[in-house]
1. Chymotrypsin sites (Phe, Trp or Tyr not before Pro) within the stretch 52-121: which are DSSP loop residues with at most 15 other Cβ atoms inside 10 Å?
2. Which ³J(HN,Hα) values, rounded to whole Hz and listed in residue order, are derived for the stretch 124-135 from phi using the Karplus coefficients 6.51, -1.76 and 1.60 in 6.51 cos²θ - 1.76 cosθ + 1.60 with θ = phi - 60°, glycine and proline given as x?
3. Explain nothing, just compute: Karplus ³J(HN,Hα) = 6.51 cos²θ - 1.76 cosθ + 1.60, θ = phi - 60°, for every residue of the stretch 242-249 in order, whole Hz, x for Gly and Pro.
4. Report the net charge of residues surrounding Arg253, where surrounding means a beta-carbon distance below 14 angstrom and charges are Lys +1, Arg +1, Asp -1, Glu -1.
5. Please identify the GluC sites (Glu not before Pro) of the stretch 102-198 that satisfy two criteria: DSSP loop assignment and at most 14 other Cβ atoms within 10 Å. Which are they?
6. Taking θ = phi - 60°, what integer Hz values does the Karplus form 6.51 cos²θ - 1.76 cosθ + 1.60 yield along the stretch 221-233, in sequence order, with x for Gly and Pro?
7. List residues of the stretch 248-281, by number, whose backbone nitrogen lies under 11 Å from a label position 7 Å along Cα→C-beta of Arg131.
8. Hey, got a sec? Which trypsin sites (Lys or Arg not before Pro) in the stretch 40-90 land in a DSSP loop and have at most 13 other Cβ atoms within 10 Å?
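Where a number appears in this text, it was derived from the coordinates with a stated rule and is not lab data. Quantities reported herein were computed from a predicted structural model and do not represent experimental measurements. No Cβ is skipped: glycine too gets one built from the backbone with ideal geometry, and neighbour counts run over all protein chains shown.
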Amino acid sequence: MARQGASHEPPLLVIDGDSFAHRAYHALPKTIRMKGGKPAGAVVGFANTLLRLHAAAQPRTVVVGWDTLDVATYRHDALPAYQSGRAFDRALLDQLDILPALVSSFGFVSAKAPGYEADDFLAAAVRREERRDGLCVVASGDRDTFQLVSERTIVMFPVRGGDFDLITPAEVRKRYGVDPAQVPDFIALRGDPSDKIPGARGVGASGAATLLRSYGSLEAALAAGRFADQARDLRLYKAIATMDADAPLPPLRNRKPTWARAAALLRDWQLDKLADRVAQLADVGKKA
């Protein structure tokens, strides 16, 4: 699924680290262990997904965005109910702490900073890459990322069986009835139970799409007098649903994967089967 732009340069692969780490933690047996008997299911599952995504995208480099779970963002401050009630196992948190080191061992880049969510780094990476006329492949299990889709950016969205749906602008319109740029407006109107965003009273997915097809944007609907008593809240919900493309990013230079270094780290962690798989990639690279 490698894509190339006008410059014939491979795409930038942008990964929602927390999304795939959480999926791996809950999908794989808790009996998977690493050095010191520590849980390692999320590490193994995330690494396997990372390898699959890299093989599929054949990118120029990879950036992985991470949440900072122990620091509130402006979203939490503005809407105290935002993502409330979420609790994570200590075993998962411990693995999230070491996954950026694994990403680095592959020669890839991690983006993480207090006050920002993984989604924000995805948006920042997409904006930077599109401004340089590049292509992006965004991998995430969060439908909020559909707002990033464009003629130059697709989303690889995981589905059952380990496969991925490729989300294009046409696919966003098919699923939601709105354009990708309207997704934050759509979320504000429809609401998002998983993030505890209430939405407009009495408006579901179908109603939100109909309104946006009629008015074009939430702001235009408000200007026309719709939801006058909810205007302030709805503007807040849209701001919360909009990914912050100003999130700080490290340089995203072209990098060849450092498979041997990653294999060595995995060997040190006593994840030998995974280390063997990565070492094979290093051997293939040497022969090439």
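1. Counting only loop positions with at most 15 other Cβ atoms within 10 Å, the chymotrypsin sites (Phe, Trp or Tyr not before Pro) in the stretch 52-121 are Phe88.
2. For the stretch 124-135, the Karplus-derived couplings read 5, 5, 5, 4, 4, 5, 5, 5, 8, 6, x, 10 Hz, x marking Gly and Pro.
3. 8, 5, 8, 6, 8, 4, x, 10
4. It works out to a net charge of +3.
5. In loop regions of the stretch 102-198 (DSSP not H, G, I, E or B), the sparsely surrounded GluC sites (Glu not before Pro) are Glu151.
6. So the J values, rounded to whole Hz, are 5, 5, 5, 7, x, 6, 6, 4, 7, 10, 4, 4, 5.
7. 249
8. Arg86
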